[in-house]
Every structure is written in structure tokens, then in C-alpha cells.
Amino acid sequence: MTIPFKAVAVDMDGTFLNDKRSYDHDLFNQVLSKLEKNHIQFIVASGRPFARLKNDFPEFVDRMDFVTANGSRLIVEGKEVAIEGLTKKQAIDLINFVHNKYGSMATMVYGRKQAYIGTEAPEKDKAFLQYFAKESTELSDWQDLPDEVFIELTFHYDSKIANDIEKKFNERYGNIVTTFASSPVAIDVVKHGINKATGLKKLLAHFDLTGDDLIAFGDSGNDIPMLDFAKYSYAMENGMSIAKKHAKYLAPNNNDNGVLQVLNKYLNKN
């Protein structure tokens, strides 16, 4: 049986990772080796920045490619090939808008190499966001952000307001941002029109591939564009109902190595 895809894209939290934020390294090495033998690209498509993802895959990082920060920064063969983001002014305008409208909340701003978090955030909320950044600097005044491209912002808040933030902020400032419910308590914000699907489309083009060549796995709102883009789309059994509505198939629970189970079934039939 011929394997029907030439590239694999996986979300991290709630998908590839179990609830302890880890994965079976030995099993993954076995699956990745089979993929390499069949000349199939393995791509991590995550809201996480590259600094965190490098730490997640220390022994595998050179064997995969990355769509990071929900499509804002692409890494192919260890090199940055594309980056999209908000200006300093746009980032500050967004923070002020969200905090004024919904109340103060833990907020993380991601630059290319450095992340920034407000000092006023409760410690437990800081810990939640700082895990994803890997390295971050605390700021007491958002005006102290450097002048650079900011690839993503994350608000630690009920993600049910994600669409409301996008709609109301863009009504006031123009089409500036796209928002995602990346978890029940996290809202990711990127430049308008950027998502995992736009990032994957650009990355796959480096290998002369398209969405028709892709199998993708996800569990939440920020995975919807990717699931719609991939010909073979899997939502996790533990995933949000909205993600399941956009996937063609269901994968086993993330705590049961669901992604690797599905891939092994394809690879072992070959």
C-alpha cells in the first residue's frame, strides 16, 4: 500500500504532547525514522515559539521543520525562511485595548528571539505563559518593548472572547490581527491573515508539496485552518468539539500517543 501523504504536520499541546507536556521519545524516534525512510517531511505546527520547540525536541530538531507562533515564523532545515508580525505600536495598542475592555490579565509578547511578560500578572499565570516562552523578560511598562517584529501575543484568559477581541479591535484599528482559542484559557493573537495553514502552505512549497500531500493533527481552535487545509485531517479524541467538526478523522487520545498510533498504522501498511 502506498502511503497517501508526503508531509506530516502536528500541533503540540493536547495533540502530540500528553497532559504532562511530554512524549514517548523512543516511539517517536521509531516513527520519525520510518517517515525519513519514506521521504516524508515531519513538521511541527504550533503556537509555541521556536525557542520553546527547540527545547522540546533536543535530539530531533535537525530532523524536522517548524511552523511556529501559529504560522508567523517558519523554520526550514534550521533556518528562518519567513516571518510576519505586528509592530511595537500595534502590539501596545492591542494590549491596551484588551486590558481596558476585559480587565488586566497575564500577557505575553513574543519577539523573534525574546518574549516579554507584564510584571503585574499573578505568579501562577506568569508560570503558565513563561513555560511556553522558554525564556522571557518582565516589563513594568509595555512602552519598554524594543522596536522589532512581534510574531505573537498570548492573553491568559477565557478563550471564549477570542473572536470578540478580533472583531472589536479590527473595527477600531483596521484589519490588524487574527485571534485563536489555543486552549480554554489562552488566546493567541497574530498578524491578520496569518495562521497555521498559511504557514504550512509556504513551508510545503519549499518541497514542491501542497495541502493534498499533507496529513495534519490538531485539537483546538488554532488548528482549524490547518485541519481545513490538509487532505488528511485528524482531530484528537480529547480535542475541542470545534476542532472535531473541521477534521475528517478522529485520532486516539493525546495521552495514548494518538498521533504516533495513527502514523504507525499508515507506515506499517506500506
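Going through (1) in contact with a helix residue (DSSP H, G or I) (Cβ under 7 Å, 6 or more places away or on another chain); (2) modelled with pLDDT of 95 or more; (3) part of a helix (DSSP H, G or I) one by one, D19 falls short only on (3).
Quick one: how many residues across the range 171-188 are touching a His at 6+ places or on another chain (Cβ under 9 Å) and surrounded by 17 or more Cβ atoms within 10 Å (Cβ to Cβ)? Walk me through how you get there before you give the answer.
If we filter the range 171-188 for residues that are touching a His at 6+ places or on another chain (Cβ under 9 Å), which is where we start, we get 174-178, 185-187.
Now narrow it down to the ones that are surrounded by 17 or more Cβ atoms within 10 Å (Cβ to Cβ): 176-178, 186-187.
Counting residues in the range 171-188 that are touching a His at 6+ places or on another chain (Cβ under 9 Å) and surrounded by 17 or more Cβ atoms within 10 Å (Cβ to Cβ) gives 5.
At least 1 residues being touching a helix residue (DSSP H, G or I) at 6+ places or on another chain (Cβ under 9 Å) and open to solvent by 10 Å² or more (accessible area, probe 1.4 Å) is the threshold, and among the strands (runs of 3 or more DSSP E) wholly inside the range 33-92 those reaching it are 41-45, 73-76, 79-83.
Look through the range 19-32, keep the residues that are polar (S, T, N, Q) and open to solvent by 50 Å² or more (accessible area, probe 1.4 Å), and return whichever of them is nearest to the chain's Cα centre (by Cα). Steps first, please.
Step one: of the range 19-32, the residues polar (S, T, N, Q) are 22, 29-30.
With the extra rule that they be open to solvent by 50 Å² or more (accessible area, probe 1.4 Å), the set shrinks to 29-30.
Values: N29: 22, Q30: 24 Å.
Taking the candidates together, the pick is N29.
One line per residue, one yes/no per condition, for (1) more than 18 Å from A9 (Cα to Cα); (2) part of a strand (DSSP E or B); (3) open to solvent by less than 10 Å² (accessible area, probe 1.4 Å):
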| position | (1), (2), (3) |
| --- | --- |
| K160 | yes, no, no |
| F169 | yes, no, yes |
| V190 | yes, yes, yes |
| A197 | no, no, no |
| K201 | no, no, no |
| D208 | no, no, no |
| N222 | no, no, yes |
| Y234 | no, yes, no |
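Flag set for F155, criterion: aromatic (F, W, Y) and touching a helix residue (DSSP H, G or I) at 6+ places or on another chain (Cβ under 7 Å).
The values are calculated or read from the model by the stated rules, or taken from the named source; none is laboratory data. Small disclaimer: the values here were computed from a predicted structure and weren't measured. All Cβ positions, glycine included, derive from the backbone under ideal geometry; neighbour counts span all protein chains shown. Areas reflect the complete protein model, heavy atoms only, side chains present, ligands, DNA and RNA absent. Shrake-Rupley method; radii C 1.70, N 1.55, O 1.52, S 1.80 Å.
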